[in-house]
Each structure stands twice: as C-alpha cells, then as structure tokens.
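*Asks:* The structure follows.
The values are calculated or read from the model by the stated rules, or taken from the named source; none is laboratory data. Here the structure is a predicted model, which means the values were calculated and not measured. All Cβ positions, glycine included, derive from the backbone under ideal geometry; neighbour counts span all protein chains shown. Side chains included, ligands, DNA and RNA excluded: accessible areas come from the protein's heavy atoms. Shrake-Rupley method; radii C 1.70, N 1.55, O 1.52, S 1.80 Å.
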Amino acid sequence: MNNIAMAIHGGCGVMPEESMTASDWQAARNDLAAALRAGYGVLQSGGRALDAVEAAVVVMEDSPHFNAGHGAALNENGVHELDASIMDGATLEAGAISAALAIRNPIKAARRLIDDGRAVLLTGAAADRFAEACGLAIEPQSYFTTQKRVEALEAMKAHAEAGTDGTENEKHGTVGAVALDAAGHLAAATSTGGYTNKPDGRVGDSPIIGAGTYARDGACAVSGTGKGEFFIRHVVGHEIASRVAYLGQDLATAADGVVHRDLAAHDIGAGLVAVGSDGTVAAPYNTPGMFRGWVTGDGKAFVATHTTIYEVAM
Ligand code: ASP
C-alpha cells in the first residue's frame, strides 16, 4: 500500500490568539479534527482521495467556525454567495459551483457535476437548481448566517467608509482539503463564502480550477485561502504543480515560493495546503494564523490555528 496523506485548512482569516477564549479555539480545533477524521477515515478504508476531500470539506461547511456553508461571509448586499470546487488528480475531472444562494453543502454539488459530466462550472440560480435536481439539501439564506459574519460585515462597511483596513478575520476565510489515497491518486476541494463585503456577483478563486483548487497526479494537490483575485492572477494551484513537475522543486519550496514571495508582494493575506504524490504535506500562510490540520504517512494527525501544533487522535 502506498502512503496515504491528507491536509485541510479552515482559512487564513484567523483572529489574533488573544481575541478569543481558549475554549472557542478548542471548539474550532475540534471541528478541524472532525474534518480530518472524516477525510482520513475514507483513505484508511482504501477509499478515493476524491471522496476523502469531499467528506472533510462537508464537515467544515457544516461548522460555524469557518467561512463556508453555515457561517459563510456576507457580500455587500448582506447576501451569501457560495463558491466551491473539487478536482480529481487522476483524471483531471473537476466540478465547480459559483455564487450559489441555497446549497447547504456546495462541495457536494461540485462533486455531482463531475458525476454529471456536462459542465465544469455552474453559476448562480442554475447551480442551486442543479443541486436541488440532484436531491441535495437546499436551505434559506438564514441557514448560512451567523452573528459573527453579521458583525464582520458591519465592521468592513465601517472600514470602507473610514478608509481603514479590516482584520484578516473580518475580511475573509475559506475551507479546503487535499489528499493522497492508497492507489497513489491526488484530489483537492475548496469551499467559501468569499470575502466579507465582496461585490454582488463576485466570483473568487475557490471555484476556479488551477487557481484556488488544483490536483494532478504525479505533481501535487492544492487548496488555497486568501484574497482570491491574486490567486486567480497567479493561477496559484497550477503554478505550484508546475514548479514541482517541471522545475523539480520539492513541495515546500514551491508552495513557500508562491505564498511568501509571489503573493506576499501584493501585501495580501494568503495561505494554502498542499500534498505531494509522495505524501509530503505543506501548509504555508502569511497571516497571524491559519486553521489547519494534516495527517502524514506515519498516521500522526495534527491541528493548529496559530503557532502551537496539537496532536489529535484519528
Ligand atoms: N479565497 C477566498 C476568496 O477570495 C477567500 C479566502 O480564502 O479568504 O473568495
């Protein structure tokens, strides 16, 4: 059996450690561990990387701690517009949903698009209709709203008026997962509400294959978080895979180069998780923290929000 490996993130829009109680951070870490368990469990039983990343992302979409599904950010009109995508590194098949209004788990709809096979990306009301036709759960907008996101929208509108910058947490977040399965196949999945106070109809990097999500067997799988416009312009996922495949860089060098050099040059928050075809994991970020977790070949699992790393049981 090959190595199996997995990494997840819950976004690089993390508050400074002192601004939340220890039990709030613990609750977020518990949900990260639950997401890792859901995904890693699929891999341990010989399942596909594609199923593992979907399972992990569903847990984080359902958690209020992260900006995706329940707990997603609000746009300038106080509306949740949800983006998600998933990619199979074995076949390069991909599915993506953008600006959906009602899909409880956008990542499930993205996955169904792969199975359906007629389109890679569906947007807006058509994406909602597709999900409903697939029998997926549909929710009113109020399902996605949390008090934290309402306050973040108010804060970002105040910042916009005063010409000041919001905190990373007020601004954005995303969830994502990458995995290597026992058959040696890679997959990546990402889901988000986008950035707080984003323009009506704005589509970020998360549903853009090659930018916020990318997987290619023999190279790596990548899921990003940060100001999506720059992830699109730098085609981040594909860029990292290309450096690994064509420059022969190791995964950490390729991922660090993009996050800490290319993206850092724009003075934006950015982070990602990536897994290589040898099971190596990378999780660079340039913000005060990033919700993240990983399990490597030895089966040891870890979660973290800031610099302290906690081992968790799988
Ligand atoms: N990448 C997401 C977007 O731009 C937001 C984030 O991850 O912070 O929509």
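*Asks:* Note down all Cβ pairs under 7 Å where the first residue falls in the stretch 227-244 and is in a helix (DSSP H, G or I), the second is aromatic (Phe, Trp, Tyr), and they're at least six residues apart or on different chains.
*Replies:* Once the first residue is in a helix (DSSP H, G or I) and sits in the stretch 227-244, its partners that are aromatic (Phe, Trp, Tyr) give Gly237/Tyr214; His238/Tyr214; Ala241/Tyr214.
*Asks:* Kindly establish whether Thr167 is open to solvent by 20 Å² or more (accessible area, probe 1.4 Å) and either in contact with a strand residue (DSSP E or B) (Cβ under 8 Å, 6 or more places away or on another chain) or of a type outside the set (A, V, I, L, M) (or both). If you could, list the steps in order and put the result at the bottom.
*Replies:* Details: open to solvent by 20 Å² or more (accessible area, probe 1.4 Å): yes; either in contact with a strand residue (DSSP E or B) (Cβ under 8 Å, 6 or more places away or on another chain) or of a type outside the set (A, V, I, L, M) (or both): yes.
So Thr167 fits the description; yes.
*Asks:* Can I ask one more? Every residue in the stretch 115-151 that is open to solvent by 70 Å² or more (accessible area, probe 1.4 Å) and closer than 18 Å to Ser206 by Cβ, please.
*Replies:* Val120, Leu121, Thr123
*Asks:* Filtering the stretch 174-193 down to residues that are part of a strand (DSSP E or B) and either of a type in the set (Val, Ile, Thr) or at pLDDT below 95 (or both), which residue is surrounded by the most Cβ atoms within 10 Å (Cβ to Cβ)? Walk me through it before giving the result.
*Replies:* Taking the stretch 174-193 and keeping what is part of a strand (DSSP E or B), we get 175-180, 186-192.
With either of a type in the set (Val, Ile, Thr) or at pLDDT below 95 (or both) added as a condition, the list becomes 175, 178, 190, 192.
On the way: Val175: 36, Val178: 38, Thr190: 40, Thr192: 32.
Here the residue is Thr190.
*Asks:* Go through the stretch 269-314 and give me each residue that's part of a loop (DSSP other than H, G, I, E, B) and of a type in the set (Phe, Trp, Tyr). Show your work before the answer.
*Replies:* Step one: filter the stretch 269-314 for residues part of a loop (DSSP other than H, G, I, E, B), giving 269, 277-280, 283-284, 286-291, 296-300, 305-308, 313-314.
Passing the criteria: only Phe291.
*Asks:* Let me ask you something else. Restricting the first residue to the stretch 1-12 and requiring it to be at positive phi and assigned to a loop (DSSP other than H, G, I, E, B), which pairs with a second residue that is at pLDDT below 90 and open to solvent by less than 10 Å² (accessible area, probe 1.4 Å) meet a Cβ separation below 9 Å and a spacing of at least six or different chains?
*Replies:* Every condition considered, the pairs that remain are Gly11/Gly173.
*Asks:* Just the residues that are in contact with a helix residue (DSSP H, G or I) (Cβ under 6 Å, 6 or more places away or on another chain) and either modelled with pLDDT of 95 or more or more than 16 Å from the ligand (Cβ to nearest atom) (or both), please, taken from the stretch 127-173.
*Replies:* Step one: filter the stretch 127-173 for residues in contact with a helix residue (DSSP H, G or I) (Cβ under 6 Å, 6 or more places away or on another chain), giving 131, 134, 136, 138, 152, 155-156, 166, 170.
Of everything in the stretch 127-173, those that are in contact with a helix residue (DSSP H, G or I) (Cβ under 6 Å, 6 or more places away or on another chain) and either modelled with pLDDT of 95 or more or more than 16 Å from the ligand (Cβ to nearest atom) (or both) turn out to be Ala131, Cys134, Leu136, Ile138.
Residue-by-condition table, conditions (1) away from the ligand (no atom under 13 Å from the Cβ); (2) within 19 Å of Asp128 (Cα to Cα); (3) open to solvent by less than 10 Å² (accessible area, probe 1.4 Å); (4) at pLDDT below 95:
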{"position": "Ala52", "(1), (2), (3), (4)": "yes, no, yes, no"}
{"position": "Ala55", "(1), (2), (3), (4)": "yes, no, no, no"}
{"position": "Val59", "(1), (2), (3), (4)": "yes, no, no, no"}
{"position": "Asp62", "(1), (2), (3), (4)": "yes, yes, no, no"}
{"position": "Ala68", "(1), (2), (3), (4)": "no, yes, yes, no"}
{"position": "Ala72", "(1), (2), (3), (4)": "no, yes, yes, no"}
{"position": "Asn75", "(1), (2), (3), (4)": "no, yes, yes, no"}
{"position": "His80", "(1), (2), (3), (4)": "no, yes, yes, no"}
{"position": "Ser85", "(1), (2), (3), (4)": "no, yes, yes, no"}
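*Asks:* Let me ask another. Provide a single number: the residues in the stretch 216-269 that are more than 19 Å from the chain's Cα centre (by Cα), of a type in the set (Lys, Arg) and within 25 Å of Lys171 (Cα to Cα).
*Replies:* 1
*Asks:* Within the stretch 24-48, can you find the residues that are open to solvent by 70 Å² or more (accessible area, probe 1.4 Å) and either without any contact (Cβ under 8 Å) to a residue 40 or more places away in the chain or among the hydroxyl-bearing types (Ser, Thr, Tyr) (or both)? Give the derivation first.
*Replies:* Applying the first criterion (open to solvent by 70 Å² or more (accessible area, probe 1.4 Å)) to the stretch 24-48 yields 26, 30, 37, 44-45, 48.
The answer is Gln26, Asn30, Ser45.
*Asks:* Follow-up question, since we're still on this one. Answer yes or no as to whether Arg112 is open to solvent by 20 Å² or more (accessible area, probe 1.4 Å), in contact with a Cys (Cβ under 7 Å, 6 or more places away or on another chain) and within 22 Å of Val59 (Cβ to Cβ). Even if it seems obvious, please write down each step before you answer.
*Replies:* Working: open to solvent by 20 Å² or more (accessible area, probe 1.4 Å): yes; in contact with a Cys (Cβ under 7 Å, 6 or more places away or on another chain): yes; within 22 Å of Val59 (Cβ to Cβ): yes.
Yes; evaluated as a whole, the condition is true for this residue.
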